[in-house]
1. State the antiparallel share, in %, of DSSP beta bridges confined to the chain, rounding to the nearest 5.
2. What accessible area per residue, rounded to a whole number of Å², is obtained for the chain using a probe radius of 1.4 Å?
3. What net charge do the residues around G778 carry, taking every other residue with its C-beta under 15 Å from that of G778, with Lys and Arg at +1 and Asp and Glu at -1?
4. Once you put a point 7 Å from the Cα of A503 and another 7 Å from the Cα of Q426, both along the Cβ direction, what distance in nm separates them?
5. Could you calculate the contour length gain from T88 to C129, that is, 0.36 nm times the residue separation minus the distance between their Cα atoms, to one decimal place in nm?
6. In nm, give the distance between the simple-model label positions of D285 and S656, each being 7 Å from the Cα along the Cα-to-Cβ direction.
7. Quick one: pull the percent of accessible area on segment 382-495 belonging to carbon and sulfur, 1.4 Å probe, ligands and nucleic acids left out.
8. In segment 271-339, what percent of the accessible surface is made up of carbon and sulfur (1.4 Å probe, ligands and nucleic acids excluded)?
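The values are calculated or read from the model by the stated rules, or taken from the named source; none is laboratory data. Treat the numbers as computed from the prediction; the structure is a model and nothing was measured. Cβ placement follows ideal geometry from the backbone for every residue including glycine, while neighbour counts extend to all protein chains displayed. Surface accessibility is based on the protein's heavy atoms, side chains included, excluding ligands, DNA and RNA. Shrake-Rupley method; radii C 1.70, N 1.55, O 1.52, S 1.80 Å.
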Amino acid sequence: MRFSSSSSSFLDSLFHSCKSIHDTKSLHALLFVLGESHNLLLSTKLLNLYASFGYLSLSHSTFQLITNNTIYSSNSIIAAYVHSRRYTQALNFVTHFFSLSPQRPDFYTFPPTLKACQCLIDGRKMHCCILKMGFVNDVFVAASLINLYSRFRGLDSAYKVFVEMPVRDVGSWNAMISGFCRNGNAAEALDVLSKMKGEGLKMDKVTVSSILPVCARSNDIVSGLLIHLYVIKHGLEEDVFVSNALINMYSKFGRLRDSQRVFDFMKVRDLVSWNSIIAAYEQNDIPTTALELFKEMRFIGIQPDLLTVVSLASILGQLSDETVSRSVHGFVMRHEWLEKDVVIGNALVNMYAKVGAMDCASTVFEQLPLRDIISWNTLIVGYAQNGLASEAIDAYNMMERCENIIPNQGTWVSILPAYSHLGALQQGTKIHGRLIKNSLYLDVFVATCLIDMYGKCGGLDDAMSLFYEIPRETSVPWNAIISSLGIHGHGKEALQLFKDMLAEGVTADHVTFISLLTACSHSGLVDEGQWCFDMMQKEFGIKPSLKHYGCMVDLFGRAGYLEKAYNLVSSMPLQPDASIWGALLGACRKHGNVELGTFASNRLLEVDSGNVGYYVLLSNMYANVGKWEGVAKVRSLARDRGLTKTPGWSSVVVGSIVEVFYTGNQTHPKCIEIYNELRVLTAKMKSLGYVPDYSFVLQDVEEDEKEQILTSHSERLAIAFGIISTPPKSPIRIFKNLRVCGDCHNATKYISRITEREIVVRDSNRFHHFKDGICSCGDYW
């Protein structure tokens, strides 16, 4: 049966009206009834329809029924394979097509075929075929070659194809610009754009959408603004892709008002638009607004996709909302997205880590069908940021046993803080050795973590040496070394380094001043700290945060200026948090001001009644002045609220073994030798003038018991074990989870003199270097 032009028009309208697989199957049945199931043109249209709905098997069956296949139908089935991501089948078909079919490929054959290539070798084979058949000068084929080489980072080959094109249209320029953008070559992308303009070609929506991310990556806000101006001038602002790219660009610069303005002026918004504006607020740490936008999106009936949920997981992590986090996890499981993309699994691990639910984070990690390096990095940093350094190191060691996982920059930035937390200098140094081999230690973020690791593990000289080896154009490494000097009690050196930083043209930020103020506090440099605090506001325009105020309260309080500290707390424009009142309470405990300490503790327990450390501080303050009724009252209050004191422990590394001692430990295999050594040391100390300071015994017991309690403090047990387990006069490194007590501090000075050893103690606050009977802190701590 042959159709008239009106019948053909009728069938065309039927093809255009197919909106579902059911409609397509009905149309296919109609073609059978009409005897047109073998019609080349109609069957090819039909297989394209099946492919568009994701039914490749039906596309393939339809193709098989065509008796007189042409290059048109062959190109269609290749495109169908590629559309369904059956790349191997597409390449197999093309290979068979080239070797057995009498048909000759045309320039429509190669763009989908090149997209099907999953390695550079396959791509080069296709490039050879294109050259032999003379299609290399076709703009569509050449643009596809550029895209192919760009996918596999073969930018030299891509650019060679580009420059050898006899004629270039806008699509060719866009392909080259996009290739450079995709591979992070911002300067080259902008250079190609400049040449494109020089040849008189105008940017279209694809050019704009490709180049805007480059402006953000190269921190070039001026070019971004000029492109936005071009968009408005040429009427491209109504294109949804362009507007989405503008939202993303402005968000990368932190210009959320501009992002919001672009979003508000959009006449049509798709899911990508909503994802972009939600991600803009989420990535700029404004989770509340991001969550409101998500709710608005759902209210108007737009269904979230995988990327929406990735942003939502981060939002809930920032808000520490564990309840809703579990709901999001359930939503992901119902949609079976955990199996679909590792990105969503990584986002869930990160979400649970941010809310402190590491058991849940670990469970999700174990359920991931595929784990990439980001999965491992997320788990490691989750453990580290939740204070579970040992678990972070265990996860890292497990990752090392996976042959297909190669550590990257993110891995080192994740694991080094865990070594810092435990004071694992030996393991941290091994990581440094690995990084030297691949030159990654020169990366500013990795190097900063190494400096921090050496600083917190007592290797200040190594931290300083590394600091002078790495690029120092930003404040990040300067902040790390200033902080390291501060915790070692070198406040004056930290101030000098700050002046060197300014002399080199590096701009200080809010973190710089936190490090500086902390350094001044540890060294008793009150006037210098006040100078820094004033400079921060007047010369750098930085408004003090709660952390800055906390440092100043600690600075004044530690130096004994309790009235100054209290006046600062009373006059500050921000609502004091627990850290502010905690610093004031700590100062009152040190200087015995019970009245102000009680006032500070009352305010403190109003804002944070669940932190047992504050009850300990208050209890210790009462104990120092012999107010045992107050001690009993505070301890009873803590018990009633279900709080228990964190037990004090100290660790010492002997060889490659970390030995941990708790106060009063009697179970160590060398317990007898340890206590014998302490008895000998105590006798020698007393002969040199040591007198036990019983004010650091926080129990109401007899005098002889008080001396025994002091002797069995965890840091003394660790020191004694170090002495009997290491060669004479070798250094000993001790790490304590709480602040070292005043009597132990005094005793360690004597022990360093008696044993002629350097004893390095890192407590929860700072470092103490004991040598020849003197401590680096100058007894100011």
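1. Counting DSSP beta bridges with both partners in the chain, the antiparallel share is about 80 percent.
2. 48 Å²
3. +2
4. Going from the A503 label point to the Q426 one covers 4.0 nm.
5. Full extension from T88 to C129 adds 13.0 nm.
6. Spacing of the two 7 Å Cα→Cβ label points: 4.0 nm.
7. 53 percent
8. 55 percent
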